[in-house]
1. Obtain the nm distance between the two label points defined at residue 4 and residue 25 by a simple spin-label model: each point lies 7 Å from its Cα along the Cα-to-C-beta direction.
2. Taking the number of other C-beta atoms within 10 Å as the exposure measure, put 1, 6 in order starting with the fewest.
3. Sort 26, 18 so that the residue with the fewest other Cβ atoms within 10 Å of its own Cβ comes first and the one with the most comes last.
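Each value in this text was obtained by applying a stated rule to the coordinates, not by laboratory testing. Worth saying up front: this structure is predicted, and the values here are computed from it rather than measured. Don't worry about glycine lacking a Cβ; one is built from the backbone with ideal geometry, like all the others, and counts go over all protein chains shown.
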Amino acid sequence: DVEIGDVVTIGECRPLSKTVRFNVLKVTKGTGSKKSFKKF
C-alpha cells in the first residue's frame, strides 16, 4: 500500500485511459514529508 510520504517511481506506458499514461514501477517507504521530483 502507498501512503503519504512514500517515494514512488513512475514510468510511461501505453495509454490506460484517456488521461492515464503512466504506471507505478517502484514504491520506497519514505520517512519524511519532502516532496521532490527527479528524472530517472
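1. Computed distance between label sites residue 4 and residue 25 equals 2.8 nm.
2. Going from least to most buried by this count: 1, 6.
3. 18, 26
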